[in-house]
Amino acid sequence: MLEISKIHTFYGDSHILFGVSLDVKKQEVVALLGRNGVGKTTTLRSIMGLTPPKEGKITLTGNDITNEKIFKRAKIGIGYVPEDRGLFPGLTVHENLILAADGADTAGDYENALRFFPELKRYLNNRAGRLSGGEQQMLAVGRALIGKKHLLILDEPLQGLAPKIVERLTQAIEEIKKETAVLMVEQNTNLALDIADRVYIMRDGRIVFSGMPNEVRENKDIQAYLVVA
Ligand SMILES: Nc1ncnc2c1ncn2[C@@H]1O[C@H](COP(=O)(O)OP(=O)(O)OP(=O)(O)O)[C@@H](O)[C@H]1O
Ligand SMILES: [Mg+2]
């Protein structure tokens, strides 16, 4: 499905990713973990083309997308929710969805967003900026799913949310993964290990562990790479 092979990514002259490889399979939730500043967001941005890698290869469903434009990646099936959610706070929920629907060339069809988060329906005419943090995150995730998406990328989607809404989003991710694979970064290790089918851990721009959530739970040496939750 998604395959990243030995990518090297830079911000200007600073070398941030050193040969990162990872993959996400169909119907999987993969968690990318690691302490602050190790390169998790940069990895997600590399996949989306926001910070294209200088070396290495990225394929989606077998197609080389390493040098694709950002909008093309969205069109061929990657949804991306950045840490700040990237909503238009002054626009209504409806307008936020319509804009994404046009970008994905699905002519105003945003049923997909509302299918996973029907509670958004009653806020269609409210400004996005007036919704609660949890509702905004639902809108951001729902919006990212508009069009036919193979992969959903989430950067710390549960950060700062109340337990009840965390549970709601976790449940939605369980549903979403049946049709769209998920790659997520999450600071709360325990939560991430509960949600994920597979885990990668980064340190200093490199993948230092790849395996199952249980292996992380049972191994203190591996946990040392992580923020203690
Ligand atoms: N726009 C930028 N310009 C220059 N350096 C950057 C930029 N964004 C991030 N970096 C640096 O790249 C490194 C990796 O950052 P990145 O945001 O990928 O880490 P992260 O694992 O997502 O961390 P966090 O847990 O804090 O979100 C850090 O050293 C950071 O200072
Ligand atoms: Mg980050």
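The values are calculated or read from the model by the stated rules, or taken from the named source; none is laboratory data. The structure presented is a predicted model; accordingly, all values stated were derived computationally and were not measured. No Cβ is skipped: glycine too gets one built from the backbone with ideal geometry, and neighbour counts run over all protein chains shown.
Out of the residues in segment 38-52 that are of a type outside the set (A, V, I, L, M, F, W, C) and modelled with pLDDT of 95 or more, which is nearest to ligand 2 (Cβ to nearest atom)?
Of everything passing the filter in segment 38-52, THR41 is nearest to ligand 2 (Cβ to nearest atom).
Among all residue pairs at least 6 apart or on different chains, which show Cβ distances below 6 Å where the first residue, located in segment 33-46, is under 12 Å from TYR80 (Cβ atoms) and the second is in a loop (DSSP other than H, G, I, E, B)?
ARG45/THR51; SER46/PRO53
Within segment 132-168, restricting attention to residues that are basic (Lys, Arg) and in a loop (DSSP other than H, G, I, E, B), which residue is modelled with the lowest pLDDT?
The extreme case among them is LYS148.
For segment 184-229, give me the residue count where each residue is under 21 Å from SER21 (Cα atoms), under 20 Å from the mean Cα position of the chain (by Cα) and of a type in the set (Asp, Glu).
Selection size over segment 184-229: 2.
Please find, within segment 6-29, the residue that is nearest to the chain's Cα centre (by Cα) out of those that are within 16 Å of ligand 2 (Cβ to nearest atom) and in contact (Cβ under 8 Å) with a residue 60 or more places away in the chain.
Only one residue fits best here, namely LEU22.
Taking ILE16, is it under 14 Å from MET202 (Cβ atoms) and more than 13 Å from ligand 1 (Cβ to nearest atom)? Break it down into steps so the answer makes sense when it comes.
Details: under 14 Å from MET202 (Cβ atoms): yes; more than 13 Å from ligand 1 (Cβ to nearest atom): no.
Spelling it out, it is not the case that ILE16 is under 14 Å from MET202 (Cβ atoms) and more than 13 Å from ligand 1 (Cβ to nearest atom).
When both residues are 6+ apart or on different chains and their Cβ atoms are under 8 Å apart, which pairs have a first residue that lies in segment 141-154 and is closer than 12 Å to ILE98 by Cα, and a second that is among the β-branched types (Val, Ile, Thr) and in a loop (DSSP other than H, G, I, E, B)?
Here the result reads ILE146/THR106; GLY147/THR106, each pair linking segment 141-154 to a residue that is among the β-branched types (Val, Ile, Thr) and in a loop (DSSP other than H, G, I, E, B).
Quick one: in segment 169-206, which of the residues that are among the basic types (Lys, Arg) and part of a loop (DSSP other than H, G, I, E, B) is nearest to ligand 2 (Cβ to nearest atom)?
Narrowing segment 169-206 to residues among the basic types (Lys, Arg): 177-178, 198, 203, 206.
Narrowing further to those that are part of a loop (DSSP other than H, G, I, E, B): 177-178.
Details: LYS177: 22, LYS178: 27 Å.
Going through the qualifying residues, I end up with LYS177.
Conditions: (1) touching a residue at least 60 places away in the same chain (Cβ under 8 Å); (2) away from ligand 1 (no atom under 16 Å from the Cβ). VAL81 meets all but one. Number of the miss?
If we test VAL81 against (1) touching a residue at least 60 places away in the same chain (Cβ under 8 Å); (2) away from ligand 1 (no atom under 16 Å from the Cβ), just (2) comes out false.
Could you grab me the full set of residues in segment 49-67 that are closer than 27 Å to PRO213 by Cα and surrounded by 22 or more Cβ atoms within 10 Å (Cβ to Cβ)?
ILE58
Checking GLY129 against (1) surrounded by fewer than 14 Cβ atoms within 10 Å (Cβ to Cβ); (2) part of a loop (DSSP other than H, G, I, E, B); (3) not polar (S, T, N, Q), which single condition isn't satisfied?
Only one criterion in (1) surrounded by fewer than 14 Cβ atoms within 10 Å (Cβ to Cβ); (2) part of a loop (DSSP other than H, G, I, E, B); (3) not polar (S, T, N, Q) is unmet by GLY129, namely (2).
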